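The values are calculated or read from the model by the stated rules, or taken from the named source; none is laboratory data. What you see is a predicted model, and the numbers here were worked out from it, not measured in a lab. Note: ideal-geometry Cβ built from the backbone for every residue, glycine included; neighbour counts use all protein chains shown. To get the accessible areas, we keep the full protein, side chains included, count just its heavy atoms, and leave off ligands, DNA and RNA. Shrake-Rupley method; radii C 1.70, N 1.55, O 1.52, S 1.80 Å.
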Amino acid sequence: TSGGARGRTTASGSGAAWGRREARSRSAFRGTRTALPAGRRQRKAAMEAEEGARGGRASPAVASAPEPGQCVFCDIIRNGKTSDGSPILHEDELCIAITDIRPAAAHHILVLPKEHLATTASLEQSHWRLVQHMLKVGMRTMERQKGSDAAPMALCKFGFHQPPFNSVDHLHLHCLCPPYRSILHSLKYKSLPWFISAEALVKKLSMR
């Protein structure tokens, strides 16, 4: 009986010790599982930082404006005057409107956002309101500038060249009232793969 009691006591003690070891193992495993996501987040952040240091692509939302002399349109916005001395036709908190220095039509206006956005490829879904505002500014400015003897507004075009067909890496809305300087100029602003109308771009962005 005494031997049986000792056996039961030993078995009970061994079971309790095993239980404590298992509990510690489970606790350590839970701690490991909890720590893994944080470790992955840290590794991902480190990889992103390293990619940025190597010159990885910057997010349009945090891209800084170019230094003076690096972007002709940023310089116009910064200085408040055009390179050829022509007047700024419109300015508000979001954009300005100027006359194109090399007009392709009888009336050719550019609307430039004050935020430096390189091309239509730099735009995100949230930019659709900006593009819509630029279109409204372009239409109002064109109607004021062209006069009543020019072509009707229904024949005017408002749109953007898509990369790699853009001439300046600062988003700009072309506003054109015919007649065009040549057939080639009219084709350059035709809604083909290289040119997208402002209305189509607004729709495209708002549906993302």
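Filter the chymotrypsin sites (Phe, Trp or Tyr not before Pro) in region 152-206 down to the DSSP loop ones having no more than 16 other Cβ atoms within 10 Å, then list what survives.
165, 194
Any idea how far apart residue 187 and residue 70 come out in nm if each label point goes 7 Å out from Cα toward Cβ?
3.6
Using the heavy atoms of the protein chains and a 1.4 angstrom probe, tell me the accessible area per residue for region 55-186 in square angstrom.
Solvent-accessible surface per residue comes out at 53 Å².
At a Förster radius of 22 Å, what calculated FRET efficiency corresponds to the Cβ-Cβ distance of residue 121 and residue 88, to the nearest 0.05?
My answer for the efficiency is 0.25.
Considering only protein heavy atoms, what is the solvent-accessible area of residue 91 at a probe of 1.4 Å, reported in Å² to the nearest 10?
110
Under a plain spin-label model, where a point goes 7 Å from the Cα along Cα-to-Cβ, how far apart in nm are residue 207 and residue 165?
1.9
How many lysine pairs are close in region 112-189, with Cα atoms under 20 Å apart and the two 8 or more places apart or on different chains?
5
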